[in-house]
Amino acid sequence: MTASALDTEIKKYLPLLGNEEKQSLLSVIRSFLSLKKENSDTVDIDLYNKEIDEAMSRINNGIYTTHEDLEKEMESW
């Protein structure tokens, strides 16, 4: 798949996501870019721990999608 086709597909699905999913996706994108920027084959332990802490905070605050909810959402795609 070309980069242009990927961009188009991402743009097509983005409006279908809820705010929590968009926040999670944004965290993943930032993580990818941060790792890419470091231009290293190893993961910075501080960054890794920060991302784990952020994820745990979202989970503890109820900001997550269950497997069952995701299956229901996917049925509407």
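From Leu6, Leu47, Leu26, grab the single residue that is part of a helix (DSSP H, G or I) and surrounded by 11 or more Cβ atoms within 10 Å (Cβ to Cβ).
Residue meeting the stated conditions: Leu47.
For residues that are assigned to a loop (DSSP other than H, G, I, E, B) and among the basic types (Lys, Arg), tally how many sit in the range 62-77.
The number of residues fulfilling the criteria is 0.
Quick one: would you say Glu51 is within 23 Å of Glu75 (Cβ to Cβ) and acidic (Asp, Glu)?
On the way: within 23 Å of Glu75 (Cβ to Cβ): no; acidic (Asp, Glu): yes.
Criteria not met by Glu51.
The numbers here are math on the coordinates, done by the rules we state, and not lab data. Computed from a predicted structure; not experimentally measured. When we count neighbours, we look across all protein chains shown, and the Cβ atoms used for this are built from the backbone with ideal geometry, even at glycine.
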